[in-house]
Amino acid sequence: MFSIGDFVVHPMHGAGKIEDIVEEKIAGVRKEFYVFSMPAGGLVLKIPTGGAGSAGIRSVISQGEADRLMEAIPDLAVESNANWNKRYQENLSRMKSGDLYEVARVVKALVHREQKRGLSTGERKMLYNAKQIMISEIVLAQKSDYDDVESRLMRAMRQKPPKGKEPSV
C-alpha cells in the first residue's frame, strides 16, 4: 500500500513519513510494520501494514487540496453541544474520521468557544491535538514552515464568515 519515503497521515497523530518497513515476530507470528515518524514532536509509530487502512492511514492531501481547505475555513459551519461530554465525544468522533475538514470544524468550534467561554482542560488538550494534526499535514502538503502554517491557520479560524453564515457555537 505505502512505500518507504511516502508521506501519510494517521487520524489521531497527524502527518509524517514512512521511514522503514520492518518485519517483527509477535506472539510467534511474523508481521510487517510501517515505521511512521512525525517531524513535529519526534513521535515514531509502528503500524501493521495489513491494518493501515482500517487504522485510517491515508496519503497526505495535495497542495491544491490544502489551499482549498485554508480558503474554506472561514465559511465552515460549526456546532457545539451545550453538554460537555456530548460535545467532547462528537469532536473526538470528528477527529477519528481522518477527514481534515472535520478536524478543522473541531479546531474552529474550540477556538470560538475558547474566545467566548473558555475551555476545560480536556478541550484545551483536544484543541492542541487537533491543531497539530492539521498543521502537520498542511506543512507537508504546502511544503511550508510550521510557524507560518500555524499563523495562517489560526488567522483563518478567527476570521468572521460572510453575513448570514455565522457559525453556531
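Does Ala130 satisfy the criteria of being in contact (Cβ under 8 Å) with a residue 40 or more places away in the chain, within 15 Å of the chain's Cα centre (by Cα) and either surrounded by 14 or more Cβ atoms within 10 Å (Cβ to Cβ) or part of a helix (DSSP H, G or I) (or both)? Spelling it out, it is not the case that Ala130 is in contact (Cβ under 8 Å) with a residue 40 or more places away in the chain, within 15 Å of the chain's Cα centre (by Cα) and either surrounded by 14 or more Cβ atoms within 10 Å (Cβ to Cβ) or part of a helix (DSSP H, G or I) (or both).
Out of curiosity, is Ile21 of a type in the set (A, V, I, L, M) and open to solvent by 70 Å² or more (accessible area, probe 1.4 Å)? Steps first, answer last, please.
Numbers: of a type in the set (A, V, I, L, M): yes; open to solvent by 70 Å² or more (accessible area, probe 1.4 Å): no.
The answer is no for Ile21.
Reported count of residues in the stretch 133-153, each being without any contact (Cβ under 8 Å) to a residue 24 or more places away in the chain and under 12 Å from Val103 (Cα atoms), is 0. The residues on offer are Ser59, Ser54, Ser37, and the sole one that is within 14 Å of the chain's Cα centre (by Cα) and polar (S, T, N, Q) is Ser59. When you look at Gly28, is it open to solvent by less than 80 Å² (accessible area, probe 1.4 Å) and touching a Ser or Thr at 6+ places or on another chain (Cβ under 6 Å), yes or no? So Gly28 does not fit the description; no.
Every condition in (1) touching a Lys or Arg at 6+ places or on another chain (Cβ under 9 Å); (2) without any contact (Cβ under 8 Å) to a residue 60 or more places away in the chain; (3) closer than 25 Å to Lys160 by Cα; (4) open to solvent by 60 Å² or more (accessible area, probe 1.4 Å) holds for Gly50 except the one numbered (3). What number of residues within the stretch 33-59 are out of contact with any Gly (no Cβ under 9 Å at 6 or more places or on another chain) and in a loop (DSSP other than H, G, I, E, B)? The qualifying residues number 5. Without any contact (Cβ under 8 Å) to a residue 12 or more places away in the chain, outside any strand (DSSP E or B), in contact with a helix residue (DSSP H, G or I) (Cβ under 7 Å, 6 or more places away or on another chain) and closer than 27 Å to Tyr146 by Cβ - does that describe any residue in the stretch 8-25? Scanning the stretch 8-25 turns up no residue that is without any contact (Cβ under 8 Å) to a residue 12 or more places away in the chain, outside any strand (DSSP E or B), in contact with a helix residue (DSSP H, G or I) (Cβ under 7 Å, 6 or more places away or on another chain) and closer than 27 Å to Tyr146 by Cβ. Exactly one residue out of Gly41, Gly118 is free of Cβ contacts under 8 Å to residues at least 40 places away in the same chain, loosely packed, with under 13 Cβ neighbours inside 10 Å and of a type outside the set (Asp, Glu), and it is Gly118.
The values are calculated or read from the model by the stated rules, or taken from the named source; none is laboratory data. Worth saying up front: this structure is predicted, and the values here are computed from it rather than measured. Cβ atoms come from the backbone with ideal geometry, glycine included; neighbour counts cover every protein chain shown. Areas reflect the complete protein model, heavy atoms only, side chains present, ligands, DNA and RNA absent. Shrake-Rupley method; radii C 1.70, N 1.55, O 1.52, S 1.80 Å.
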